[in-house]
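Before any comments, here is the structure.
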Amino acid sequence: MTDYHALVKTLAAHLTADLLTTREHSGTLTYATFGHSFGATLSLAVAAAVTQETGQPPARAYLSAALPPRLQPPDNLADLPDEDLLAKTAADGGTPPQVLAHPAMRTLLLRMLRQDHTVRRAFPTEAATLQTTAPLTLIAARDDPYAPPEAMRQWAAHTTGPIRQVTIPGGHFAAIHHPRDTLALIAADTTGHPGDGTRRAETGEPHVP
Amino acid sequence: MTPPPRPPLRLYLFPHAGATSLLYRPWQPLAPTASTCTASTPPAAAPAPAKPP
């Protein structure tokens, strides 16, 4: 699926159904979203659509390694030849070498990359007015060349809720490569307990716009 | 006084461009109620929390 609005609508419908089913089982339910890079903008857009549908915003939305939509540069990666797109993906370091080395997996990867990068073309315009009431936690990696911590702060314009920014060590994929630490951050917000993460994170002051 | 337990949290995970739900497989043992959402994977990868007794 390469249409931004259609993708948001489809994922929001699936998520709403899943949420309502889960609520039937547990009686009560809170949910949160975590999106990394491309997934960050998409997650907030889906959360906004689910909120509109159910009246229930996420307890918190976690945005990792992504610029706010209006700061995102034009994405023309879907137009790259296969070899160039694979080279860029390998250089970024987020894809396991085994996937890049396997012909069938490479074919699947290329298809998904082109699909997602086509969707992302719409972010700077279509997601620029995205708004939520949910609290946001911004997870920024100190050495991320694509989403520097200072620029990530500008996600504050997208919520009327409180903002917390956490700076972690590492590069663009740091939050993904250290799930225990990232989940500890989430646990700290959602349960009041810091979890058992071991890497150091710098937590910014809470900010209520 | 002990605060009342918080309700279970359902965590929806959205990966980076080109990634599938496999990206978050290492997260599942650490977050059993997490579910991954991609363009090709609807959020149904994790079981719903058990009904309370």
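The values are calculated or read from the model by the stated rules, or taken from the named source; none is laboratory data. Note that the coordinates shown come from a computational prediction; the quantities given were computed from them, not determined experimentally. All Cβ positions, glycine included, derive from the backbone under ideal geometry; neighbour counts span all protein chains shown.
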Meets criteria (at the interface with another protein chain (Cβ under 9 Å from one of its Cβ atoms), in contact with a Pro (Cβ under 9 Å, 6 or more places away or on another chain) and either farther than 20 Å from A:Ala174 by Cα or surrounded by 15 or more Cβ atoms within 10 Å (Cβ to Cβ) (or both)) for A:Ala47: yes
Subset tally (residues that are touching a strand residue (DSSP E or B) at 6+ places or on another chain (Cβ under 7 Å), in contact (Cβ under 8 Å) with a residue 24 or more places away in the chain and in a helix (DSSP H, G or I)) for the stretch A:1-38: 2
Only one of A:Pro68, A:Pro96, A:Pro74 is exposed (fewer than 15 other Cβ atoms within 10 Å of the Cβ), at pLDDT 90 or above and either farther than 22 Å from A:Asp143 by Cα or more than 7 Å from chain B (Cβ to nearest Cβ) (or both). Can you tell me which? A:Pro74
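So that you can scan it fast, the table gives a plain yes or no per residue for (1) touching an Asp or Glu at 6+ places or on another chain (Cβ under 7 Å); (2) more than 7 Å from chain A (Cβ to nearest Cβ); (3) at pLDDT below 85; (4) not in a loop (DSSP other than H, G, I, E, B):
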| position | (1), (2), (3), (4) |
| --- | --- |
| B:Leu22 | no, yes, yes, yes |
| B:Pro26 | no, no, no, yes |
| B:Pro32 | no, yes, yes, no |
| B:Ser35 | yes, no, yes, yes |
| B:Pro47 | no, yes, yes, no |
| B:Lys51 | no, no, yes, no |
Residue among A:Gly94, A:Gly55, A:Gly39 that alone is of a type in the set (Gly, Ala, Ser), assigned by TED's automatic domain parsing to the domain that holds A:Asp144 and within 30 Å of A:Glu150 (Cα to Cα): A:Gly39
Name the single residue, out of those in the stretch A:115-144 being out of contact with any His (no Cβ under 7 Å at 6 or more places or on another chain), small (Gly, Ala, Ser) and over 12 Å from A:Gly35 (Cβ atoms), that is surrounded by the fewest Cβ atoms within 10 Å (Cβ to Cβ). A:Ala128
